[in-house]
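Accompanying notes for the structure given below.
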Amino acid sequence: MIMEQRYRRLYDFVSTIRVLCILVTISYVIFWFLKTINFPFIKYAGIIFNPLTNIIKTSNFLNWAIKYKNFYIDMTPIIAALGFQMIYFMLQPALNTIRALDRRHRLNKIAEKRLEEKLVNENLKEIFINKTLEYTKFAILLTLNVKADINPNMIEKNIDTKNMPMMEYVRIVNTMRKKYPTCKAITPGKLFIVYDNFTIFDDFLSDIVSEVKIFCSENQEKGLVTEFKIAIDAVEEAGRVSKILEFLEKISALGYSNKAISTPAFKMRYELNSQKNKYNLETIGISRFFESNTDKTQKGVDIELFCLKTFKTK
């Protein structure tokens with residue numbers, strides 16, 4: 001049993017006394033037996049045992065000798081042995097009390113530690129929330145790919161599948177700016193949009209997806225298949241947009257077609273929205289991204305990615 005040091009010392013001290021009581025009890029019984037049979041030299045052992053037996057003999061209300069034939073057998077050593085045996089049993093509750101005190105002490109220490117951990121965790125959680133709230137913007141990278149449904153030769157000659165995505169990016173930007181005038185967008189062969197209001201993310205993404213669906217539906221009538229990739233990240237107020245774009249391009253290159261994929265930073269910030277979120281972010285696994293260092297070596301970083309899915313309605 002692992003006990004606190006001070007209780008362990010007290011427990012060991014009481015246990016030692018109990019062991020000594022057993023040894024003394026046995027010694028007095030042996031002394032009584034040898035004295036009864038008049039064992040030679042027993043009087044020398046009496047130097048040790050007689051002081052206590054003489055004290056017992058001073059009690060006048062009991063007769064400590066038993067008559068056997070014509071002899072009287074002195075029972076005071078047995079009485080002394082019984083006394084030490086009683087002390088042995090009386091010390092057991094003391095050991096139980098020490099164990100109970102130690103257990104209570106350990107429980108109190110555990111409770112104090114848990115309270116301390118709770119306070120630390122609450123403090124860390126507050127720091128984490130405040131740090132996460134510094135991500136005031138979100139960034140969306142949309143990539144469109146148009147190709148023939150069956151046979152490329154069956155497409156009308158006047159349809160330019162290579163330039164169609166670029167034209168669609170411009171159309172989506174113009175449409176989105178009518179509803180979200182402050183959104184910033186660039187189209188480097190892909191549509192990269194940054195917006196500074198996290199609370200309306202659900203509506204913002206839904207509008208983009210709606211525009212993409214319109215584009216896909218129009219292309220389907222022309223015998224074309226449209227694949228889209230959406231990568232999403234959170235952006236700090238003073239964050240470098242160019243770094244975010246580079247990172248989202250790496251996510252887009254992983255090939256998750258017709259899905260909206262987010263970073264851990266976006267997931268943490270999105271889940272802090274006060275309103276009920278429309279999307280559920282399900283993990284899709286951990287991917288390794290590589291960055292070049294100043295010494296032209298590449299360092300790998302494992303990042304968990306999440307897929308945005310609408311909650312199932314009952």
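The values are calculated or read from the model by the stated rules, or taken from the named source; none is laboratory data. Given the structure is predicted, the values throughout are model-derived calculations rather than measurements. Cβ: placed from backbone, ideal geometry, glycine included. Neighbour counts: every protein chain shown.
Here are ILE26, ILE37: which of them is exposed (fewer than 14 other Cβ atoms within 10 Å of the Cβ) and closer than 23 Å to MET90 by Cα?
Of the residues listed, the single one that is exposed (fewer than 14 other Cβ atoms within 10 Å of the Cβ) and closer than 23 Å to MET90 by Cα is ILE26.
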- Item | Test: VAL212 is touching a residue at least 24 places away in the same chain (Cβ under 8 Å) and over 45 Å from the mean Cα position of the chain (by Cα) | no
- Only one of (1) under 20 Å from THR226 (Cα atoms); (2) in contact (Cβ under 8 Å) with a residue 24 or more places away in the chain does not apply to ASN163, and that is (2)
- Given the conditions (1) within 18 Å of SER252 (Cβ to Cβ); (2) part of a helix (DSSP H, G or I), report the number of the one that SER206 does not fulfil. (1)
- Task: Could you tell me which residue of the stretch 218-227 is farthest from the chain's Cα centre (by Cα), considering only residues that are surrounded by fewer than 21 Cβ atoms within 10 Å (Cβ to Cβ) and in a strand (DSSP E or B)?
- Result: LEU224
- In the stretch 171-199, which residues are of a type in the set (Val, Ile, Thr) and either at pLDDT 90 or above or crowded, with 19+ Cβ neighbours inside 10 Å (or both)? ILE172, VAL173, THR175, ILE193, VAL194
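Being under 13 Å from ALA139 (Cα atoms) and either in contact with a Leu (Cβ under 6 Å, 6 or more places away or on another chain) or not in a strand (DSSP E or B) (or both), is that true of even one residue in the stretch 209-217? It would help to see each step written out before you state the result.
First, pick out the residues of the stretch 209-217 that are under 13 Å from ALA139 (Cα atoms): none.
Taking every residue of the stretch 209-217 in turn, none turns out to be under 13 Å from ALA139 (Cα atoms) and either in contact with a Leu (Cβ under 6 Å, 6 or more places away or on another chain) or not in a strand (DSSP E or B) (or both).
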- How many of the residues making up the stretch 134-166 are modelled with pLDDT of 80 or more and surrounded by 12 or more Cβ atoms within 10 Å (Cβ to Cβ)? 17
- Note on the structure: Across the stretch 229-286, the tally of residues that are within 23 Å of the chain's Cα centre (by Cα) and over 10 Å from PHE306 (Cβ atoms) stands at 6
